[in-house]
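A short worksheet on the structure shown next.
Please treat every number below as a calculation from the coordinates, not as lab data. From a predicted model like this one, the values you see are computed outputs, not experimental measurements. Don't worry about glycine lacking a Cβ; one is built from the backbone with ideal geometry, like all the others, and counts go over all protein chains shown.
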Amino acid sequence: MTHTISDESLLAEIEYLIRQMPPSSQLLSEDENTLEWCGRARAVSGLLDAQYRFHLQLAIDNLHGQATLLQDPIGVRKLLMAARHHLRMRTVGPLSLAVGSGMVFQYFDSLSDIIKEAKSDILFVDPFLDKEFVSKYLGFVGNSTRVRLLSRKYINTLVPSVEQYVAQHGLAVEVRSSNDLHDRYVFIDGSSCYQSGASFKDGGIKPTVLTQIVDPFPAVLKTYEDLWQGSNIKYPIP
C-alpha cells in the first residue's frame, strides 16, 4: 500500500527538523537524541523531490561515516532550508507578516522564532540597534551560534550592553559599524534572510512588515557581507 503526504505536512516536518536540529558539534556525536534526529531527518528526506532527496540523504549518512572530511553539519542544514523554501513556494509562499500598530508581541514572537532557527551564525543589520535590542532578543540565540551586529547610530549604548551580556552568558558576539545602512535585515546561517520594515527594537509600535527575502537573497547577502567585511570600525567584545 502506497502512502502519500501532502506538501503542507512535509513542510511542517522540515520546519520541525530545522527547529530541533542539534548544534553542529553535537550533530557529529552519537548520543541517542542526535541519532533520533538523524533517523527522522533521513526518513523525511525520502519524501522530498529527487533534487533534494539524494543530496540530503548522502549528507546525513556522512555525518557518522568513516570519512571525516565529508562530515558537513552546515551542509545538512542548508539542504533542509533549501527544501523548506522550495516547499513554501509550492504551498504558503514566503513568510510575510503584516503587523498592525501596537502589535508589539506579535512582532516580538515572530522575530524570536526566526532567531531560534540560527545554529551557526546570525547577522543583524539595523542602523538603530541599541541596548534594548540586546535585552529583548539575544536570549533567543543558541550558545553555539555566532552573533554579528552591524549598526550605526546607538553604538555607544549598544557596545556596553553587549559586553555585559557576553560577560554573563558567554555568547560569541561581534559589533561593527557602517555609515551605509538604511534597511533592516536578519540573516540566518547564510541561508535565509528576513527584512523588517521597522527597526528590530521598535517592531509593532507602528504598522510594519516582516518579510522573507527569496529571489534577490544571494545579492542581498553579498551586499551586507561585503559591508561587514569592509567595515573598519570594529568593536571586539571580550
Taking the Cβ of P218 as the center, what net charge do the other residues with Cβ under 15 Å away carry, scoring Lys and Arg +1 and Asp and Glu -1?
-2
Be a star and scan region 185-226 for residues whose amide nitrogen sits under 19 Å from the point 7 Å along the Cα-to-Cβ vector of T91.
192-193, 212-214
Shape box of region 104-238 [Cα atoms, principal axes, largest first, Å]
37, 33, 28
Work out how much length F54 to D113 would gain on full extension: take 0.36 nm times their residue separation and subtract the Cα-Cα distance, in nm to one decimal.
18.3 nm
For an R0 of 30 angstrom, estimate the FRET efficiency from the Cβ-Cβ distance between E163 and K136 and round to the nearest 0.05.
0.95
Per residue of region 51-63, what does 6.51 cos²θ - 1.76 cosθ + 1.60 with θ = phi - 60° give for ³J(HN,Hα)? Whole Hz please, x for Gly and Pro, Karplus curve as stated.
5, 9, 4, 4, 5, 5, 4, 5, 5, 5, 4, 6, 4
Out of all DSSP beta bridges in the chain, what portion is antiparallel? Express it as a percent rounded to 5.
65 percent
Considering only region 96-236, what is the antiparallel percent among its DSSP beta bridges, to the nearest 5?
65 percent
Exactly which trypsin sites (Lys or Arg not before Pro) in region 94-175 are in a DSSP loop and have at most 12 other Cβ atoms within 10 Å?
none
Check the straight Cα-Cα distances from K206 and name the lysines below 26 Å, setting aside those fewer than 8 residues away within the same chain.
K116, K131, K136, K153
So for region 157-238: antiparallel DSSP bridges make up what percent, rounded to the nearest 5?
90 percent
If R₀ is 30 angstrom, what is the calculated FRET efficiency for the pair S231 and F105, using the beta carbon separation as r and rounding to 0.05?
0.35
Which angle between 0 and 90 degrees, to the nearest 10, do you get for helix 104-116 versus the longest principal axis of the chain when only C-alpha atoms count?
50 degrees
